[in-house]
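So the structure is just underneath, and the comments pick up after that.
Values quoted throughout were computed directly from the atomic coordinates according to the rules given, and no laboratory measurement underlies them. These figures come from a predicted structure and were not determined experimentally. We place every Cβ from the backbone using ideal geometry, glycine too, and count neighbours over all the protein chains shown.
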Amino acid sequence: MDFLEHAVVAIPTKTDFRGINIREAFLFRGSQGWSEFSPFIEYDDAESSTWLKAAIEGAYKPWPELKRTKVSINATLPRIASEKVASFMSNYSGCTTVKMKVNNFEDDADRLEALLDFMPEAKVRLDVNGGWSLAQARAYIHDYFMRFGNVFEYIEQPCMELSDIAELKQEIPMKIALDESIRKFLDSDFKDISEIADVAIMKWAPSGGIESARKIIAEIGLPAVISSALDTGIGISHGLALAASLPELDFACGLGTTALFVGDITDPSPRPIDGEIEVKAIAPKPELLEKYAASAERKLWWENRVKRIWENHLSDEVKGWVR
């Protein structure tokens with residue numbers, strides 16, 4: 001384990017997102033440039049090893065051939081007060097598709113109402129993160145559709161059980177996208193996924209890197225949306241490269257999430273302009289690494305995490321990429 005340079009950062013978020021208000025990341029430079037290792041704190045070493053594999057690939061292996069120089073982006077609307085929705089959307093210049101994380105209908109309908117008041121033509125994606133039972137999904141989707149009509153591009157991971165999703169697909173007018181059902185089960189046989197879903201959500205780091213993600217997308221055979229795992233600008237750059245490498249990209253991608261941070265370690269941070277982000281390799285600014293540097297205690301925690309995973313969970317092939 002011989003990275004050319006590394007840093008650990010802790011960037012505050014603008015709002016509580018996924019229970020996070022400080023986003024920590026281990027950033028390092030390899031022969032091909034900068035990369036990012038940032039599995040969420042609660043993930044164990046075995047699950048986090050997939051993220052480290054992706055990070056090492058990003059630092060030491062070149063990107064594949066890119067099919068496009070810019071990627072269309074969806075806005076990501078966090079759980080904020082309805083009166084703040086319009087001002088928050090200024091972070092997403094030109095974006096016409098909006099993803100909302102939702103708990104239920106009662107708590108989140110007013111936020112969607114505020115969005116549609118501000119942007120009547122928005123295409124809306126509801127992200128449930130597998131949080132509903134089949135009965136809840138039926139009830140909430142009915143309520144959303146009856147109140148808002150056909151504004152929904154798709155609903156993302158409404159339930160965790162694939163059998164529930166398969167049943168739901170026969171009953172609802174919305175398309176269904178799968179996220180957790182893919183990234184939490186990377187060793188699964190995905191050949192039947194296309195029978196119960198319409199879209200595959202893929203994330204660069206949890207998929208094990210660009211090469212692995214491209215193979216999974218090809219196996220699944222569904223249109224893919226490349227999304228972020230709340231990455232810094234470094235991780236976003238690799239997600240953009242994955243999206244740009246796909247032969248077809250039918251949907252806007254969820255790679256505008258640095259807008260959820262109070263700052264970033266790149267300047268400019270990858271944000272959409274006219275609904276798109278340019279695909280390019282980027283490096284952190286030294287002054288921003290210093291500004292958002294994690295404490296000595298947290299830096300050591302991340303360094304030990306990387307060391308443990310390197311020693312116990314990475315294959316010799318992946319270790320061989322570091323040279």
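Using label points projected 7 Å from each Cα along Cα→Cβ, tell me how many nm separate ASP45 and THR96, to one decimal.
5.0
Toward the positive end of the charge dipole of segment 70-278, about the Cα centre and with charges on Cβ (Lys, Arg +1; Asp, Glu -1), which of ALA135, VAL262, ALA86 goes farthest?
VAL262
Can you list the lysines whose alpha carbon sits under 16 Å from that of LYS53, skipping same-chain ones fewer than 8 residues off?
Result set, ordered by chain and number: LYS61, LYS184, LYS203, LYS215, LYS307, LYS319.
How large is ³J(HN,Hα), in whole Hz, for each residue of segment 302-310 in order, when computed from phi with the Karplus curve 6.51 cos²θ - 1.76 cosθ + 1.60 and θ = phi - 60°, using x for Gly and Pro?
So the J values, rounded to whole Hz, are 5, 4, 5, 4, 4, 4, 4, 5, 4.
Tell me which residues come under 5 Å, amide H to amide H, from LEU66 once H is placed; ignore anything under 5 positions away on its chain.
none
I need the fraction of alpha carbon pairs in the chain separated by more than 29 Å, rounded to a whole percent.
Result: 35 percent of Cα pairs exceed 29 Å.
Which whole-percent values make up P(r) of segment 113-159 when all C-alpha to C-alpha distances are grouped in 10 Å steps starting at zero?
All Cα pairs considered, the percentages come to 26, 53, 21, 1.
Lys/Arg Cβ at +1, Asp/Glu Cβ at -1, dipole of the chain taken about the Cα centre: which of PHE28, PHE185, ALA243 is farthest positive-ward?
Towards the positive end, the residue furthest out is PHE28.
In what sequence, highest mean first, do 49-62, 95-108 appear when ranked by Cβ atoms within 10 angstrom?
In decreasing order of mean packing, 49-62, 95-108 become 49-62, 95-108.
Once you have the Cα-Cα distance between GLU167 and LYS285, take 0.36 nm times their residue separation minus that, and quote the gain in nm to one decimal.
Details: separation 118, 0.36 × 118 = 42.48 nm, distance 4.94 nm.
Using 0.36 nm per residue and subtracting the Cα-Cα distance, I get 37.5 nm.
Would you mind ranking TRP204, TRP310, TRP63 by Cβ crowding within 10 Å, fewest neighbours first?
So the ranking, lowest neighbour count to highest, is TRP310, TRP63, TRP204.
Using alpha carbons only, how many degrees (0 to 90, rounded to 10) separate the axis of helix 105-118 from the longest principal axis of the chain?
That works out to roughly 90 degrees.
Would you compute, from DSSP H runs of 4+ residues alone, the mean residue ellipticity of the chain at 222 nm, taking -39500 (n - 2.57) per run and dividing by the full residue count, rounded to the nearest 500?
Calculated at 222 nm, the ellipticity per residue is -10500 deg cm²/dmol.
Just how large is the dipole of segment 30-117 about the Cα centre, in debye to the nearest 20, putting +1 at every Lys and Arg Cβ and -1 at every Asp and Glu Cβ?
Charge dipole, segment 30-117, about its Cα centre: 620 debye, nearest 20.
Could you order the peptides 137-144, 181-188 from most to least packed, using the average number of other C-beta atoms within 10 Å per residue?
137-144, 181-188
If only Cα atoms are counted, what is the Rg of segment 141-253, and what is its Dmax, in Å?
That works out to 14.4, 42 Å for Rg and Dmax.
Take the chain, connect every pair of alpha-carbon atoms lying under 10 Å apart with a spring to form a Gaussian network, then pick out the residue of PRO223, PRO247, PRO206 with the largest mean-square fluctuation.
Result: PRO247 has the largest fluctuation of those listed.
Just to be sure I understand: of the beta bridges DSSP finds with both ends in the chain, what percent are antiparallel, rounded to 5?
Details: 21 of 43 bridges.
Approximately 50 percent, going by the DSSP bridge assignments.
Just order 79-88, 236-245, 126-135 by mean Cβ neighbour count inside 10 Å, highest at the front, would you?
236-245, 126-135, 79-88
So what is Rg over Rh here for segment 228-323, counting just Cα atoms and using Kirkwood for Rh?
1.03
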